[in-house]
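Here's the structure, in structure tokens; my notes come after.
The values are calculated or read from the model by the stated rules, or taken from the named source; none is laboratory data. This structure is a prediction, so every number in the text was calculated from the model and none was measured. Backbone-built Cβ (ideal geometry, glycine too); neighbour counts: all protein chains shown. In case anyone asks, the SASA skips ligands and DNA or RNA and just uses the protein heavy atoms, side chains included. Shrake-Rupley method; radii C 1.70, N 1.55, O 1.52, S 1.80 Å.
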Number of protein chains: 2
Amino acid sequence: MKTVILIGALGKMGQAALTGLSNHKVITAGRSGNVDHIIDITNEQSIRDLYKNVGHFDAVVNTVGFCEYAPFTEMTETQWMTTVMSKMMGQINLVRIGQEYIADGGSFTLVSGILNTKPIPFAIADATTSGAIDTFVKCVSLEMPKKTRINVVNPTVLAEAWDVYGEMMPGFQPVPGALVGKAFERSVDGFINGEVIFVDA
Amino acid sequence: MKTVILIGALGKMGQAALTGLSNHKVITAGRSGNVDHIIDITNEQSIRDLYKNVGHFDAVVNTVGFCEYAPFTEMTETQWMTTVMSKMMGQINLVRIGQEYIADGGSFTLVSGILNTKPIPFAIADATTSGAIDTFVKCVSLEMPKKTRINVVNPTVLAEAWDVYGEMMPGFQPVPGALVGKAFERSVDGFINGEVIFVDA
């Protein structure tokens, strides 16, 4: 049994990840609500406080990253930076700071999203930052300290979120959260490293 | 003959690009030195001023993007953000603002770099932002306005820069700048769109 910090535990992606973590002690974290720890991944001190407050942990599973959606020609610098500082730098900082605190042999699992390989309108900032995170994981895995591993789950839309995103995503086949949970489980419990784990139908 | 704005004209990559632009009227731009226009791609107003001051143009070729180099565990938030705001957001902003000013049917050509597919130590920020730019170009090409095109040249190290970078890049085969110039030429003078043009030996 590992101690796993699950960030975004109350969201739909967090709930999907949770289905794959049933063998572990899960410490929940999120921006608000009924979680063990409050965290804002865009704030370095908040990230550091989370790790310090948890103490010993073997794995970090992140399921959050805020994105703005707009046509490219209308997307503002502020919308770009909001997305970059959350989905991209927020996740990079979870690893950058987390590697100081995580147990030897631990693992990080990040989340990107299918829109960098299957683009749709309005999602250029989401796609670009997903491409950045997929690349980051593949490359940084070669220099992670303390025998830690890192992977990223790149899922298509969740069946549980289809009512929200379905209209934006014609021709996409949603997948059940439990299937995405398997990807998180394979990252946490396996020995893979530097992988982009695509979950698509 | 097209009017091409070449950003970073005095650098080694700019000189490589220039070898592929001999059929065109080239307007040079850069951070300093003997260029037609001074530009700082990390400054939105500087980008806008460049386009306004040039007036009519058919193509933008960017060959710059500053990166910090350090081991991942030692790279600071400031080093990350310096890289993100230049190589990634600087280039995105060149396109975001440039699409307002460029002639119908024009083209943008950005630059990334081989380290996102062939990682080396110290280059995680370079690799991550190259991955972001390659993804950005592939996805945004589907929604560029005014029949404009966009591509990115992803070169290995230049023979002309081997004395600077060679020690960091054991086992890499440098390519002559003139070969990289062909890639820029193919982007500007062809009809390809949304391509990552790899130039490797």
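Size of region B:1-159 from its Cα atoms: along the principal axes, largest to smallest, the extents are 47, 36, 30 Å.
Shielding of peptide A:95-105 by partners, expressed as the average count of other chain Cβ atoms within 10 Å per residue Cβ, is 1. Please report the carbon-and-sulfur percent of the accessible area for chain A; probe 1.4 Å, protein heavy atoms only, DNA, RNA and ligands left out. C and S atoms contribute 52 percent here.
Kirkwood-type hydrodynamic radius, region A:106-176: 13.3 Å, calculated from all non-identical alpha-carbon pairs.
Values of log10 I(q)/I(0) for the protein assembly as shown across q = 0.06, 0.08 Å⁻¹ run -0.24, -0.43, by the Debye formula with one identical scatterer at each alpha carbon and no solvent.
Give the angle, between 0 and 90 degrees and rounded to the nearest 10, that separates the Cα long axis of helix A:89-101 from the longest principal axis of the Cα atoms of chain A. Rounded to the nearest ten degrees, it is 10. Annotation: amide H-H contacts under 5 Å for B:PHE198 (H modelled 1.01 Å from N, sequence separation of 5 or more, or interchain): B:ASN154.
One residue of chain B places its C-beta nearer than any other to the axis carrying B onto A; that residue and its whole-Å distance are B:ALA132, 2. Can you tell which of A:THR73, A:VAL140, B:ALA201 lies farthest toward the positive end of the dipole of the protein assembly as shown, using +1 and -1 charges on the Cβ of basic and acidic side chains (Lys, Arg; Asp, Glu)? So the residue we want is B:ALA201. For A:VAL153, the accessible area of its heavy atoms, probed at 1.4 Å with every protein chain present, is near 0 square angstrom. Here's the picture: charge each Lys and Arg Cβ at +1 and each Asp and Glu Cβ at -1 in region B:101-174, and of B:THR129, B:TRP162, B:PHE108 the one pushed furthest to the positive end of that dipole is B:PHE108.
Normalised by the number of residues in chain B, the mean separation of alpha-carbon contacts (under 8 Å, six or more apart) gives a relative contact order of 23 percent. Put a plus charge on the Cβ of each Lys and Arg, a minus charge on the Cβ of each Asp and Glu, and nothing anywhere else: the dipole of the protein assembly as shown about its Cα centre is then about 340 debye.
Seen against the Cα atoms of chain B and their longest principal axis, helix B:124-140 is set at about 30 degrees. Here B:LYS118 yields copy-to-copy label distances, from shortest upward, of 3.3 nm, the label point defined as 7 Å from Cα along Cα to C-beta.
Largest mean-square fluctuation among A:SER141, A:SER112, A:SER130, in a Gaussian network model of chain A whose springs join Cα atoms under 10 Å apart, belongs to A:SER141. For the residues of B:123-131, the average number of beta carbons from a partner chain within 10 Å of their own beta carbon is 6. Inter-chain neighbour count for A:138-146: the average number of beta-carbon atoms from partner chains within 10 Å of each residue's beta-carbon is 5.
Per residue, chain B exposes 40 Å² of accessible surface when a 1.4 Å probe is rolled over the protein heavy atoms with every protein chain present.
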